[in-house]
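Quick notes on the structure that follows.
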Amino acid sequence: MKTNLLLTGKIDTHMTERLSGSFNLISLEDIADPTRYMDAHGPEIPAVLATGGRAIRSDFLDALPNLKIISSYGVGYDSIDATAAAARGIIVTHTPGVLNDEVANTAIMLWLAVSRRLITNDAYVRSGRWATEGKAPLTHTVQGRTVGIVGLGRIGQTLAGRLQAFDATVVYHARHVKSVGYRYYSDLTEMAAACDVLICVVPGGPDTRHLIDRSVLQALGARGILINISRGSVVDETAMVHALQAGELGGAGLDVFENEPHVPADLINMDNVVLLPHIGSGTHETRQAMADLTCDNLLRWQQDGSTLTPVPECGHL
Ligand code: 8YV
């Protein structure tokens, strides 16, 4: 008999094909009254495939008393209460490693786009202003900058490698010192003051909420650039918008926002920001690798109860 697998969001045909031989796929999005469904059928669900950032907290876990595994499509799992899940013996898995290159590339792309005013210069050509108004204004170089990485995990270290190509001095802030050859700052504001660019790669969640606050932005300063490819919650968005408006922050490249898919209206007309719709890992190739790892975790668990990439909170299960 196939195992029931509850899908919190949409999955593509590749994932459907890989899973449908072993699992009975139940899509929460296709159910008219999810709360009623969970009340009636919650005990029949041993496995969940989490997509789309739907919050999985204690109330969700209460509704599924026989849940054993949550396989999350993505590396960040701040929308899932993994500690509560682990306490109930539920394994949470995620997709580390396979998206490091893509997300690091997105960070570099945003930094170059902000520094060299890629979007406004493209618009300058398309609008015909190059021909009528002449040469576009000069921009600032990305070469030889001091770049601060906030969160030197897997993606952060991949990014640090990329930055060597720009002769960057890489420094970092993290909870603990790592055995790497980059300067460590325990004080984020102090690091921001020393940097030309600050790139956030730290996980989201309550521990890092508004880590980039007014004082960090002011320390980064009027020539400084903020890049955020982690979670919108990491940056105090109101403070960032204010700093950009006041000329206290030089520019920002943002792939993530506090209230996605809503973006502060004040950012829309700013020339010194580049805005992306949370596409850090969004290529066919990388999403397929993430999809495969999400499926592999489920299939392995169904086979012998083990998983490939449990989150650290569940590593002992
Ligand atoms: C995806 C991400 O947008 O992996 C993550 O943590 O934020 C992204 O790669 C997301 O997981 C896909 O829904």
Are there helices (runs of 4 or more DSSP H) fully within the stretch 35-137 with at least 1 residues that are within 16 Å of the ligand (Cβ to nearest atom) and touching a residue at least 40 places away in the same chain (Cβ under 8 Å)? List them.
82-87, 100-115
Looking at (1) free of Cβ contacts under 8 Å to residues at least 60 places away in the same chain; (2) aliphatic (A, V, I, L, M); (3) open to solvent by 30 Å² or more (accessible area, probe 1.4 Å), which is the one condition that is false for I11?
(1)
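Can you tell me which residue in the stretch 150-180 is most open to solvent (accessible area, probe 1.4 Å), limited to those that are part of a loop (DSSP other than H, G, I, E, B) and of a type in the set (A, V, I, L, M)?
Selected residue: V177.
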Selected residue [within 16 Å of the ligand (Cβ to nearest atom) and in contact with a strand residue (DSSP E or B) (Cβ under 7 Å, 6 or more places away or on another chain)] from C200, C195
C200
I need the full set of residues from the stretch 35-85 which are more than 17 Å from the chain's Cα centre (by Cα) and aromatic (F, W, Y), in order please.
Y37, F60
Just to check your reading of the model, which residue among R18, R57 is over 18 Å from N297 (Cα atoms) and either among the hydrophobic types (A, V, I, L, M, F, W, C) or open to solvent by 70 Å² or more (accessible area, probe 1.4 Å) (or both)?
R57
The stretch 115-149, residues that are open to solvent by 80 Å² or more (accessible area, probe 1.4 Å) and among the charged types (D, E, K, R):
R116, R126, R129, E133, K135
Exactly one of (1) open to solvent by less than 50 Å² (accessible area, probe 1.4 Å); (2) more than 17 Å from the chain's Cα centre (by Cα) is unmet by A104. Its number?
(2)
So which of T158, T169, T146 is assigned by TED's automatic domain parsing to the domain that holds V235 and touching a Cys at 6+ places or on another chain (Cβ under 6 Å)?
T146
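The values are calculated or read from the model by the stated rules, or taken from the named source; none is laboratory data. Remember, it's a predicted structure, so these values are computed and weren't measured experimentally. All Cβ positions, glycine included, derive from the backbone under ideal geometry; neighbour counts span all protein chains shown. Accessible surface areas use protein heavy atoms only, side chains included; no ligands, DNA or RNA. Shrake-Rupley method; radii C 1.70, N 1.55, O 1.52, S 1.80 Å.
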